[in-house]
Every structure is written in structure tokens, then in C-alpha cells.
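Visitor: Take this structure, written in C-alpha cells, and hold onto it; I'll ask about it next.
The values are calculated or read from the model by the stated rules, or taken from the named source; none is laboratory data. From a predicted model like this one, the values you see are computed outputs, not experimental measurements. Cβ coordinates were reconstructed from backbone atoms using ideal geometry, including for glycine residues, and neighbour counts include every protein chain displayed. The accessibility values were calculated without ligands, DNA or RNA, using every heavy atom of the protein model including side chains. Shrake-Rupley method; radii C 1.70, N 1.55, O 1.52, S 1.80 Å.
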Amino acid sequence: MHIYPNAKAVVRALAPDEPVILNRPHAARRAARFFVEKFPGKVLYAVKANPAPDLIEVLWDAGVTHYDVASIAEVRLVRGVLPEANLCFMHPIKTAKAIAEAYHQHGVKTFSLDTVEELEKIVEACRDPETGDPAADLRLCVRLRVSSEYSELSLAAKFGCDLLEAPGLLQQARQHCDWLGVCFHVGSQAMTPFAFVQALDRTRAAIAEASVVIDMIDVGGGFPSAYPGMEPPPLEDYFAMIAKHFEALPIAYNAELWCEPGRALCAEYSSMIVQVNKRRADELYINDGAYGALYDAAHVAWRYPVRALADNLRDPEIDFAFYGPTCDDADFMQGPFPLPSDIQAGDYIEIGMLGAYGAAMKTGFNGFGDAECVVVADEPMMSLFDGSRVREASDNVVSLR
Ligand SMILES: *Cc1c(COP(=O)(O)O)cnc(C)c1O
């Protein structure tokens, strides 16, 4: 496999007129090692953030053995790449067929749920097809609804049972498994560790009320990456807060602690080269957009770091907005994206930090969406793991009492 030194070398070699995804396996490996070594529990990778098989192999080689999958297609994909991986089906709404295939054909034992209906569906789908006996090895995980108020992207509305329902559901689930967990998701890109403290407080209330034995606490994803205007406190602060509040929970003495990062493990994995097809004042028409890897830039005004890839551009930077390639007005990214003021049609731009919810979001709408993938050796445009961020106690941490 050819490894290019950086984006400029890719432009020189390919002069691409379609977007090119630049992958950095070394960055994903470094993020995975950081989590595996420093998180005080087990680290699952949330596959939806980026299901690229090459990435999944890198994470496995770096020590990530458990995978959070949310659809039967993700179950099959990860099982195909990693025959030995431990797969956990963490979408609280599954079809009976998907549950049965996951359990009987792919060895999936861990399932999340947030209703009694889903609990019954899981128990039925996992019965022995010959004897009708219930499965003795189910590992169930009750999803609790928690606040997303400290996160950039909410996951609070759709899934999770509330504090009134949780105790009863925990008691019922306990009757069908020898291993019972509680899981939640604080929302993506949680900008302070306090998000997890609040969620763990809620978890404590649910467990105390249910008074059942809990074998596992899964604090979900939400661990941040770095983007322009969004530089989070050190991840070590998150880990320390989680460890402290986990230890104070009324749970089995040997209970496990899990997390399921998506974004934090793969944001640094990819960037993308795009070409400017037209300039209109401070708007650049580029060849990827809202239906491509820039979905979040268009739909939730997410900002990504950018740089021009030509050596001849010298003018001071001004703020640009982008239009994508489709014929749709909604294919618009407000940015701001600071680039040299003399940039023009034909020039190339590298857009960074697209490894999570970027490269994975590309569609073929309107005939656009093809992108070659290449490997590059340089550093991601921003990083939480390259040692550039000095470890210091952060002001951003809200300490409790
Ligand atoms: C999306 C998702 C994750 C990953 O979230 P990030 O914010 O990318 O870390 C983890 N767990 C579940 C259940 C999810 O839906």
C-alpha cells in the first residue's frame, strides 16, 4: 500500500477532480491506545461513527476487543472483519429477526433495551429453536435517559427510560439474565466531564430504587474531539471524574465499567481533499458537501479546520462559506472557513477532523459522492493525543461539593 507524506503530495500525484479521503491509521491507533491504557474500564468502539473495515482492524490491533453495533448490517460487517470480537447490540429498538440472527449466528450476547416490550422481544428471539428453552447467557443492559445539556449534539430525546420506569424495568430484566448493566449516552461531543457526573447521579438513583444487583455500568460515548471553537478539557479529566463517581455507586463489588466512544476514537483518522469549482465573493463552490462528508457542517453548522493546499496563495485569510456540488440550496456550509483571500477555482483545500460522522456519511445523491481513499503519514490538523496539549488541571471541570 502506498503511503503519501501529506495532502499536498496527494494533490501533486493525483490532481483529483473528485474528493479524496485521507486516512491516518497512526492517529486512530494512538487514540485507541490512549483509551485502552487510560480509561479505567473496558473500551467499546461505537461502529456507527465510522464503519470502515480498515479502521476497525486498526482499533482491534490496538487492543479494542468490544464493538458497539446498532444494526444487523453492522453486526455482519464487524463479525466479517473480526471473527473473535465481542459484539454488543446497543440499539434499544431492534427487530426480532435482527436479534435472532445476532444471537444464534453471530454469537452476540449483550443487548440493550429501554422498554418491557423490547425485553420480551429479546427473550423470545434468543430461545433455543429446538427445545424452546430461554437463553441462559444473555447480558442485558437497560438504557437510561439522561440529559444532553453539556453536549454539542443531543441524544436525550429518542432513547432511554426515565427514572420512574427504570427501577421496574431493571427488576424485570434481572429475572432474565445473570449479568445486568445500565447504560446511557450523554450526547455527542460532551464539552465537560460534568455531563457524566450528572448521568451517574441519575444511574445511582435508578439502582437504589430498584435494589437489584448491577454487574456493569456503561457510560456510553460523548467523549469529545477537538474542532475550531471546541477545544475540550483533557480526556484524563473525564476518566478521573467517571472513575470517582462509578466507585461510589451501589453495585456489585466486581461490577465492570464500560465506555463506548465513537467520535473520540476516529475523528482524527480522516481528512478530505476538495477542489474549488467556482468562487462567488466569499462563497466557495466545492466538490463535497451536505450529502457528502460535510453533513454535520451543513446540518448542525459544525466547524472543521481547513487549509489551502497551494503554495502560491499568500494573501491574509478571510472567512468563507462553502456550497457543495449538488443542485440543492440546502447543500450549504456556513463555516466560517478561514482561507487565503486570493483562493480561486481550481485550488485545493484540505478539510480536517472528518474521521467521525464525516467520511461515514457520504451518499450518492445527485451523482456525487465518489471518493478515493488514500493513506497519509502526517499529523491530523488537530489532535488530543499528539502531546501538543499540555496536561493541566482544567478550569472547565465543574467539581462536585
Ligand atoms: C452514537 C453512539 C455512541 C458513540 O457516540 P460518540 O458521541 O461518537 O462517542 C455510543 N453509544 C451509543 C449507544 C450511540 O448511539
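Visitor: Taking the stretch 301-333 as the search range and keeping residues that are among the aromatic types (Phe, Trp, Tyr) and buried (at least 19 other Cβ atoms within 10 Å of the Cβ), which one is farthest from ALA371 (Cα to Cα)?
Guide: PHE320
Visitor: Determine whether MET191 is touching a Pro at 6+ places or on another chain (Cβ under 7 Å) and open to solvent by 30 Å² or more (accessible area, probe 1.4 Å).
Guide: Working: touching a Pro at 6+ places or on another chain (Cβ under 7 Å): yes; open to solvent by 30 Å² or more (accessible area, probe 1.4 Å): yes.
So MET191 fits the description; yes.
Visitor: Also, quick follow-up: Out of the stretch 240-260, which residues are of a type in the set (A, V, I, L, M, F, W, C) and more than 14 Å from the ligand (Cβ to nearest atom)?
Guide: Across the stretch 240-260, the qualifying residues are ALA240, MET241, ALA243, PHE246, ALA248, LEU249, ILE251, ALA252, ALA255, LEU257.
Visitor: Among the residues of the stretch 146-204, count how many are not in a helix (DSSP H, G or I) and not hydroxyl-bearing (Ser, Thr, Tyr). Steps first, answer last, please.
Guide: Restricting attention to the stretch 146-204, the residues satisfying the condition of being not in a helix (DSSP H, G or I) are 146-165, 175-193.
Now drop any that are not not hydroxyl-bearing (Ser, Thr, Tyr), which leaves 146, 149, 152-153, 155-165, 175-187, 189-191, 193.
Matching residues across the stretch 146-204 total 32.
Visitor: Assess whether VAL142 counts as being assigned by TED's automatic domain parsing to the domain that holds GLU118, more than 17 Å from the chain's Cα centre (by Cα) and within 16 Å of the ligand (Cβ to nearest atom).
Guide: So VAL142 fits the description; yes.
Visitor: Here are some conditions: (1) within 14 Å of the ligand (Cβ to nearest atom); (2) crowded, with 22+ Cβ neighbours inside 10 Å. LEU170 meets all but one. Which one does it not meet?
Guide: Status for LEU170: all satisfied but (1).
Visitor: Does ARG12 satisfy the condition of being away from the ligand (no atom under 16 Å from the Cβ), of a type in the set (Lys, Arg) and not assigned by TED's automatic domain parsing to the domain that holds ASP237? Break it down stepwise before answering.
Guide: Values: away from the ligand (no atom under 16 Å from the Cβ): yes; of a type in the set (Lys, Arg): yes; not assigned by TED's automatic domain parsing to the domain that holds ASP237: yes.
So ARG12 passes the test.
Visitor: For the stretch 56-80, which residues satisfy the criterion of being open to solvent by 40 Å² or more (accessible area, probe 1.4 Å) and either within 13 Å of the ligand (Cβ to nearest atom) or not aromatic (Phe, Trp, Tyr) (or both)?
Guide: GLU57, ASP61, THR65, SER71, ALA73, ARG76, LEU77, ARG79, GLY80
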